[in-house]
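Only one structure is covered here, and it is reproduced in the block below.
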Amino acid sequence: MIPDQSIVPPLRVGLAAQRTPPPNVLVIFGATGDLTARKLVPALFDLFCESKLPAPFCIVGLARRAKSDAAFRAELRASAQRFARAKPDDDSARWDHFAPIVCYHQADFDSADGYTRLGARLRELDATRGTQGNRLFYLATAPEYYALIAERLGAAQLAPPGGAWERLIVEKPFGSDLASARALNRQILAVFDEAQIYRIDHYLGKETVQNIFAFRFANTILEPLWNRNYVDHVQITAAESIGVEERGGYYDGAGALRDMVQSHLLQLVALTAMEPPVSFDATAVHDEKVKVLRALCPLCERDVDDIVVRGQYAAYRAEPRVAPDSTTETFVALRLAIDNWRWAGVPFYLRTGKCLPKRATEIQIHFKPVPHPLFARVVGNGITPNVIALRIQPDEGIYWEFAAKRPGQTIQLSDVRMDFCYADSFGAAPGEAYETLLLDAMRGDATLFNRNDEVEVAWSLVTPILERWAQSPPPEFPNYAAGTWGPDAANLLLAREGRAWRAP
């Protein structure tokens, strides 16, 4: 049936059909964990409901507890009902068709027998379901099991038959500092080739993050402005309104610097500042991102004290599974500099934290003020420099703020906004990041994943901060109230250079 074009949002007309991945089996290690329940299964069910998954396709959930297929499917249905966009209860037939592609495999992560039995089950699925030997292993476990599982997979000789493929998705955090990241890379690369390893950062699957490519490189008007000649500074904010909730055990050993800055925020810096790649294949994109990360000025001990701010929200130490005397930071703000031709002299200010006033992730490009005081007599110093902002979440979109004259006989200026919103323009909000990333891994497209050198160079910037903090006690913690924009020192970081944070 051809849809009535009169009711289709104009920007959706003519969209290309989705690329369907080849048949495969997805094996999820840690299948009874929070990541599987909240993100992976809801994403897979939404993809199934939109006919984007391959056919044939199977999901094998692997975990240590004994469980039947039926019990596992019942748990996943509850997760999909809570977290997926498509609700099983709204159309039970959809779940009835999805459930049979899911099965459960009990095994300890270090048990050789468990991997032997897994291999037999995968071969059975190849024969009965037609999955053609293609295998995608997803490590949704605690980080300490990543190297062990990779080693056991290699020892079990689960390599698929000729012509098929085998890939490994590794969740963050990938290491806890530079040394551990290098060690983990060595251990996994001893079993899998780099082309088989997909280090996932779910921020890269967000539609607005991907749209940075199109916004920057498909619009001629922007390229002459996207440099030190016109840009005054860049602000990147990743704010959460909630606390650590049930993640206190993990978070208290990680903190905001490891959890957000090393991965998500540095990726946003790289995408914002990178040069145009020669093509949009994974190697070309990764090469340009690594150049930006290598150009970030390294931080010495004095730099950490001067341009990095840490904070902890009130009541953090009372959270479940958090040490009562914890010095873990829940807020970080820092100033970075990129030592290359395009960005020399342009500061990049980053901040992230929990229990802030709102949930928002935004990249703001602040342009330089007008060079001549043409309107000074009528507006004084009230002309605000132009800002282009990319909203990563929520309400994904892009807006541009500029000055315009108010109606009337006198010259009065106001800031106005041109706003592009995905939901309004395309008739629907973009899908979840994990939907995109799962499909890309099945297709063999690593563009939105991290390469080994990318991970290591990011850690090389963050590790000196961790080392300095380990040597010096933190400021009086807690040092900011829930519902505020962090400690006062974060505002001073910009104020001493004549700038101020702008709320997303």
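The values are calculated or read from the model by the stated rules, or taken from the named source; none is laboratory data. In this text the structure is predicted, and so the values were computed from the model without any measurement. When we count neighbours, we look across all protein chains shown, and the Cβ atoms used for this are built from the backbone with ideal geometry, even at glycine.
Between VAL290, VAL322, the distinction of being in contact with a helix residue (DSSP H, G or I) (Cβ under 8 Å, 6 or more places away or on another chain), under 20 Å from LEU204 (Cα atoms), among the β-branched types (Val, Ile, Thr) and crowded, with 16+ Cβ neighbours inside 10 Å belongs to VAL290 only. Search segment 32-63 for residues being crowded, with 16+ Cβ neighbours inside 10 Å and in contact with a Phe, Trp or Tyr (Cβ under 7 Å, 6 or more places away or on another chain), and hand back the single one that is nearest to ARG247 (Cα to Cα). Only one residue tops the list, namely LYS39. The set of residues in segment 104-124 being of a type in the set (A, V, I, L, M, F, W, C) and either more than 25 Å from GLU171 (Cα to Cα) or buried (at least 18 other Cβ atoms within 10 Å of the Cβ) (or both) consists of ALA107, PHE109, LEU118, ALA120, LEU122.
Could you identify the single residue in LEU136, LEU118, LEU178, LEU153 that is under 32 Å from the mean Cα position of the chain (by Cα), at pLDDT 90 or above and either within 30 Å of GLY255 (Cβ to Cβ) or of a type in the set (Ser, Thr, Tyr) (or both)? LEU178 is the lone residue from the list that is under 32 Å from the mean Cα position of the chain (by Cα), at pLDDT 90 or above and either within 30 Å of GLY255 (Cβ to Cβ) or of a type in the set (Ser, Thr, Tyr) (or both). Please verify whether segment 68-77 includes one or more residues that are in a helix (DSSP H, G or I), more than 26 Å from the chain's Cα centre (by Cα), surrounded by fewer than 16 Cβ atoms within 10 Å (Cβ to Cβ) and hydroxyl-bearing (Ser, Thr, Tyr). So far as segment 68-77 goes, no, none of its residues is in a helix (DSSP H, G or I), more than 26 Å from the chain's Cα centre (by Cα), surrounded by fewer than 16 Cβ atoms within 10 Å (Cβ to Cβ) and hydroxyl-bearing (Ser, Thr, Tyr). Given the condition over 14 Å from ALA140 (Cα atoms) and among the basic types (Lys, Arg), answer yes or no: does some residue in segment 38-46 qualify? No.
For segment 232-271, a residue qualifies if it is under 13 Å from PHE348 (Cβ atoms) and surrounded by fewer than 19 Cβ atoms within 10 Å (Cβ to Cβ), and exactly one does: ASP232. Residue check: ALA218 meets all listed conditions (1) surrounded by fewer than 17 Cβ atoms within 10 Å (Cβ to Cβ); (2) assigned by TED's automatic domain parsing to the domain that holds VAL462; (3) of a type outside the set (Phe, Trp, Tyr); (4) touching a residue at least 24 places away in the same chain (Cβ under 8 Å) but one, namely (4). Within 20 Å of ASN24 (Cα to Cα), surrounded by 20 or more Cβ atoms within 10 Å (Cβ to Cβ) and touching an Asp or Glu at 6+ places or on another chain (Cβ under 7 Å): is that true of LEU139 in this structure? The answer is yes for LEU139.
What residue, among those in segment 293-319 that are charged (D, E, K, R) and modelled with pLDDT under 95, is surrounded by the most Cβ atoms within 10 Å (Cβ to Cβ)? Per the stated criteria, the residue is GLU319. The condition of being at pLDDT below 95 and surrounded by 15 or more Cβ atoms within 10 Å (Cβ to Cβ) holds for only one of ALA127, ALA84, that being ALA84. Scanning segment 185-201 for residues being more than 15 Å from VAL285 (Cβ to Cβ) and either in the same structural domain as LEU153 (by TED's automatic domain parsing) or touching a strand residue (DSSP E or B) at 6+ places or on another chain (Cβ under 7 Å) (or both) gives a total of 5. One residue alone among ALA282, ALA254, ALA238 is at pLDDT below 95 and either of a type in the set (S, T, N, Q) or in contact with a Ser or Thr (Cβ under 6 Å, 6 or more places away or on another chain) (or both), and that residue is ALA282. Test PRO357 against the criterion of being over 25 Å from ALA270 (Cα atoms), modelled with pLDDT of 95 or more and either part of a loop (DSSP other than H, G, I, E, B) or not assigned by TED's automatic domain parsing to the domain that holds ALA238 (or both), and give yes or no. Taking the combined requirement at face value, the residue satisfies it.
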